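No value in this document is a laboratory result; all are computed from the given coordinates. All figures in this text were calculated on a predicted structure; none of them were measured in a lab. Here the Cβ positions follow ideal geometry from the backbone for every residue, glycine too, while neighbour counts run over all protein chains shown.
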Amino acid sequence: MSLKVHNPRWTRVDRYLEDRLEPDPILDAAVKASSAAGLPDIAVTPSQGKFLHLLARMQAARRILEIGTLGGYSTIWLARALPADGRLVTLEFDEKHLNVARENIARAGLSPLVEHRLGPALETLPQLTGPFDFIFIDADKENAAAYFEWSVRLSRPGTAVLVDNVIRGGAVVKPRAHDTSSRGIHEMNEAIRRNPRVSATTIQTVGRKGYDGFLFALVAE
Ligand code: SAH
Ligand code: DHB
Ligand code: MG
């Protein structure tokens, strides 16, 4: 477990910011359906989802890879950044999550753009053909270093990689022995530091999901 750090002001400000986003009945329905199906409430927030969407648009992404589908909430934000002939491949090992995601993505009219791969990501990644223009890593944090390595392998010069949940309430700085998630993120950070092909930075975030952060990386041109 990461350190859970919460603050009512961060939650209030997140609500303020969410109130200023476009109304979005399709994403609201995806949240509702995911929660009704009993999925954990750990998708990116609306502000974060829009951030992913804008990054994918900045990248003019035509091929997107997502590791960790859950109910497809981040998938919808990302797939909406694609042109009509674009493609998003999303990896998930929990069939129940994948089925909820399929419905949410269908309701969003995005099924033709989205390809699901069921199985442990370390087994499905070797089956993929790159390159991807934009990669979102958001599955188990234990394997973050391996996911990052696969991402670089599946990239082209200029590919952007975003990794969720890299601060973990600050636990990443000094992970406790049993905190395998924070240890996994730390290993990823060390691997990135040694990788001359990758230029990366990490931004700490606060909000209604607590205190966390994103790592953002570009693969060398
Ligand atoms: N990206 C989603 C949230 C993903 S939560 C969003 O923001 O909307 C993390 C997901 O990764 C969960 O659905 C979990 O089942 C999946 N996952 C965890 N370990 C995995 C693994 N080894 N391989 C594939 N998927 C995995
Ligand atoms: C967890 C996973 C996530 O991807 C996230 O954004 C928040 C929490 C979790 O496993 O607890
Ligand atoms: Mg996450």
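Are any residues in segment 5-49 part of a loop (DSSP other than H, G, I, E, B), more than 16 Å from ligand 2 (Cβ to nearest atom) and surrounded by 10 or more Cβ atoms within 10 Å (Cβ to Cβ), and if so, which ones? Outline the logic, then answer.
Within segment 5-49, the first condition is being part of a loop (DSSP other than H, G, I, E, B), and the residues that meet it are 5-7, 20-24, 37-45.
Now restrict to residues that are more than 16 Å from ligand 2 (Cβ to nearest atom): 7, 20-24, 37.
The answer is ASN7, LEU21, ASP24, ALA37.
Given the criteria more than 13 Å from ligand 1 (Cβ to nearest atom) and either aromatic (Phe, Trp, Tyr) or over 16 Å from THR75 (Cα atoms) (or both), does THR129 qualify? Can you show your working first?
Numbers: more than 13 Å from ligand 1 (Cβ to nearest atom): yes; either aromatic (Phe, Trp, Tyr) or over 16 Å from THR75 (Cα atoms) (or both): yes.
For THR129, the condition - more than 13 Å from ligand 1 (Cβ to nearest atom) and either aromatic (Phe, Trp, Tyr) or over 16 Å from THR75 (Cα atoms) (or both) - is met.
If the requirement is being within 25 Å of GLU123 (Cβ to Cβ), touching a strand residue (DSSP E or B) at 6+ places or on another chain (Cβ under 8 Å), in contact (Cβ under 8 Å) with a residue 40 or more places away in the chain and more than 14 Å from ligand 3 (Cβ to nearest atom), which of these qualifies: VAL89, VAL100?
On the way: VAL100 fails: touching a strand residue (DSSP E or B) at 6+ places or on another chain (Cβ under 8 Å).
Only one candidate qualifies: VAL89.
As an exercise: evaluate ARG156 against (1) within 30 Å of VAL13 (Cβ to Cβ); (2) surrounded by fewer than 21 Cβ atoms within 10 Å (Cβ to Cβ) and give the number of the one condition it does not meet.
ARG156 satisfies every listed condition except (1).
Can you name every residue in segment 126-153 that is in a loop (DSSP other than H, G, I, E, B) and more than 16 Å from ligand 2 (Cβ to nearest atom)? Walk me through how you get there before you give the answer.
We begin by selecting, within segment 126-153, every residue in a loop (DSSP other than H, G, I, E, B); these are 128-131, 138-140.
Matches in segment 126-153: LEU128, THR129, GLY130, PRO131.
Restricting attention to segment 52-62, which residues are without any contact (Cβ under 8 Å) to a residue 40 or more places away in the chain and closer than 23 Å to SER34 by Cβ?
Result: HIS53, LEU54.
Quick test of your reading of the structure: ALA177 fulfils all but one of (1) over 19 Å from SER74 (Cβ atoms); (2) within 12 Å of ligand 2 (Cβ to nearest atom); (3) not in a strand (DSSP E or B). Name the failing condition by number.
Every listed condition holds for ALA177 apart from (2).
For segment 150-196, which residues satisfy the criterion of being over 18 Å from the mean Cα position of the chain (by Cα) and at positive phi?
Of everything in segment 150-196, those that are over 18 Å from the mean Cα position of the chain (by Cα) and at positive phi turn out to be GLY158, GLY170.
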